[in-house]
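Enquirer: Mind having a look at this structure? Questions to follow.
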């Protein structure tokens with residue numbers, strides 16, 4: 001289990017005293033009953049201490065696999081530890097698709113929904129918006145199935161749960177008929193024109209991402225992921241001052257695009273275009289840190305302007321920054337709770353001592369716009385600011401007390417931000 005001692009980026013060394021990987025649900029139930037405190041490890045793609053514990057870690061990787069498609073309900077039920085890339089292969093082969101995917105297909109379903117991890121698209125909710133039911137093992141070791149039908153509106157507080165309600169062993173997701181997509185990249189867009197036409201730019205396709213290093217007066221790249229539902233028109237040769245790329249690009253232009261999903265308008269299945277990176281390659285850049293901040297769409301342009309004013313300080317430790325949209329939802333702890341958001345993602349060089357000096361600059365620039373950070377990435381905002389930014393925080397705390405009165409699933413991170 002030595003590979004489970006650190007997170008994927010290597011910046012967090014977990015403090016768990018033991019790591020268990022049960023091979024059955026009954027064995028998992030007994031582990032939960034016997035443990036006074038525990039946290040569950042997913043694909044370890046969080047960059048902060050949200051998954052850490054000074055007690056017991058549980059990995060679900062040895063549980064029996066499960067992918068059950070209900071044609072009648074248009075859903076799929078999976079074991080929580082499954083990675084999106086593996087699930088997508090099965091779904092597509094059966095003629096089905098999910099509404100959206102994150103930039104990496106390597107992340108686990110349960111971990112992604114627990115932290116409101118997302119994808120891109122002004123009309124696309126985060127990955128948790130596909131959830132119709134959860135099966136959890138609660139603090140008493142009992143199996144509970146949660147759905148809107150069984151628990152009512154409280155379900156909105158249970159899906160994005162930060163691992164603090166129980167062990168998610170199964171997830172049921174809405175599915176739809178499979179579809180094809182194509183992807184284009186535009187290079188060196190005018191920052192001024194992007195700012196002036198931001199809403200149009202971010203709604204130009206099914207999924208849209210801007211990549212920028214915040215240096216100079218250009219946006220490095222614009223990625224458009226377009227659904228193909230019939231005849232397709234040729235792409236525009238220029239857009240917002242940028243030119244259609246004549247070759248495939250990695251978000252970091254100097255890095256080979258071999259690991260990236262196909263571009264140049266090549267038509268392929270939804271799961272081969274929605275992520276930025278292929279399942280068979282090491283995710284993203286590899287040795288890096290990440291932060292991400294969300295503000296309501298109504299504040300997008302002033303927030304962009306504020307970030308651009310501190311670009312000199314940001315650029316020194318930055319690999320690349322991604323700007324994307326996420327549709328509103330009703331999950332109590334989602335950054336997009338009742339607001340469509342623009343998300344500012346930062347991929348940093350692996351130098352935490354320097355990055356930690358930059359994050360307060362970004363946060364001060366975004367605080368006037370009621371910023372919320374991604375729960376699984378690096379941030380410096382105070383617990384007081386974060387708690388105040390979620391109108392349903394008190395209700396969520398009540399849920400955690402109901403499901404876990406002794407704090408079995410809590411850790412220092414949860415105690416700091418959910419109190």
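The values are calculated or read from the model by the stated rules, or taken from the named source; none is laboratory data. Fair warning: this is a prediction, and the values are worked out from it, not measured in the lab. Cβ coordinates were reconstructed from backbone atoms using ideal geometry, including for glycine residues, and neighbour counts include every protein chain displayed.
Enquirer: Scanning for something within 18 Å of residue 127 (Cα to Cα), part of a strand (DSSP E or B) and at pLDDT 95 or above, does segment 274-289 turn up at least one residue?
Expert: No.
Enquirer: So, one more: Any chance you could count how many residues in segment 20-52 are without any contact (Cβ under 8 Å) to a residue 40 or more places away in the chain and within 17 Å of residue 376 (Cα to Cα)?
Expert: The total comes to 1.
Enquirer: Identify the residue in segment 64-82 that is surrounded by 15 or more Cβ atoms within 10 Å (Cβ to Cβ) and either in contact with a helix residue (DSSP H, G or I) (Cβ under 7 Å, 6 or more places away or on another chain) or free of Cβ contacts under 8 Å to residues at least 60 places away in the same chain (or both) and, among all such residues, is nearest to residue 178 (Cα to Cα).
Expert: The extreme case among them is 76.
Table: residues versus (1) touching a helix residue (DSSP H, G or I) at 6+ places or on another chain (Cβ under 6 Å); (2) part of a strand (DSSP E or B); (3) modelled with pLDDT of 95 or more; (4) farther than 26 Å from residue 250 by Cα.
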| residue | (1), (2), (3), (4) |
| --- | --- |
| 298 | no, no, yes, yes |
| 302 | no, no, yes, yes |
| 305 | no, no, yes, no |
| 321 | no, yes, yes, no |
| 335 | no, no, yes, yes |
| 339 | no, no, yes, yes |
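Enquirer: When you go through 338, 313 one by one, which is the residue that is surrounded by fewer than 19 Cβ atoms within 10 Å (Cβ to Cβ) and over 25 Å from residue 191 (Cα atoms)?
Expert: 338
Enquirer: When the residues of segment 8-19 are filtered to those that are crowded, with 18+ Cβ neighbours inside 10 Å and without any contact (Cβ under 8 Å) to a residue 60 or more places away in the chain, which remaining residue is farthest from residue 43 (Cα to Cα)?
Expert: Here the residue is 16.
Enquirer: For a quick check of your reading: which strands (runs of 3 or more DSSP E) sit entirely within segment 147-222 and have at least 2 residues that are surrounded by 20 or more Cβ atoms within 10 Å (Cβ to Cβ) and modelled with pLDDT under 95?
Expert: In segment 147-222, no matching strands (runs of 3 or more DSSP E) lie anywhere.
Enquirer: With the condition kept exactly as written, say whether any residue in segment 369-382 is farther than 23 Å from residue 299 by Cβ and within 21 Å of the chain's Cα centre (by Cα).
Expert: For segment 369-382, residues farther than 23 Å from residue 299 by Cβ and within 21 Å of the chain's Cα centre (by Cα): absent.
Enquirer: Residues that are touching a strand residue (DSSP E or B) at 6+ places or on another chain (Cβ under 6 Å) and surrounded by 16 or more Cβ atoms within 10 Å (Cβ to Cβ), at least 1 per element: which helices (runs of 4 or more DSSP H) completely within segment 352-418 meet that?
Expert: Of the helices (runs of 4 or more DSSP H) lying wholly inside segment 352-418, those with at least 1 residues that are touching a strand residue (DSSP E or B) at 6+ places or on another chain (Cβ under 6 Å) and surrounded by 16 or more Cβ atoms within 10 Å (Cβ to Cβ) span 352-366.
Enquirer: Since residue 100 meets every condition but one in (1) within 18 Å of the chain's Cα centre (by Cα); (2) at pLDDT below 95, which condition does it not meet?
Expert: Here residue 100 clears every test but (2).
Enquirer: Could I ask something else about it? Determine whether segment 230-240 contains at least one residue that is outside any loop (DSSP other than H, G, I, E, B) and over 26 Å from the mean Cα position of the chain (by Cα).
Expert: Looking through segment 230-240, at least one residue is outside any loop (DSSP other than H, G, I, E, B) and over 26 Å from the mean Cα position of the chain (by Cα).
Enquirer: Surrounded by 15 or more Cβ atoms within 10 Å (Cβ to Cβ) and in a loop (DSSP other than H, G, I, E, B): does that describe residue 251?
Expert: So residue 251 fits the description; yes.
Enquirer: Would you check if there is a residue in segment 129-136 being buried (at least 20 other Cβ atoms within 10 Å of the Cβ), modelled with pLDDT of 95 or more, touching a strand residue (DSSP E or B) at 6+ places or on another chain (Cβ under 7 Å) and assigned to a helix (DSSP H, G or I)?
Expert: yes
Enquirer: Any idea which of (1) under 21 Å from the mean Cα position of the chain (by Cα); (2) under 22 Å from residue 99 (Cβ atoms); (3) in contact (Cβ under 8 Å) with a residue 60 or more places away in the chain is the one residue 180 doesn't satisfy?
Expert: Answer for residue 180: the failing condition is (1).
Enquirer: Tally the residues that are touching a strand residue (DSSP E or B) at 6+ places or on another chain (Cβ under 8 Å) and closer than 23 Å to residue 118 by Cβ, restricting the search to segment 300-322.
Expert: Qualifying residue count for the region: 10.
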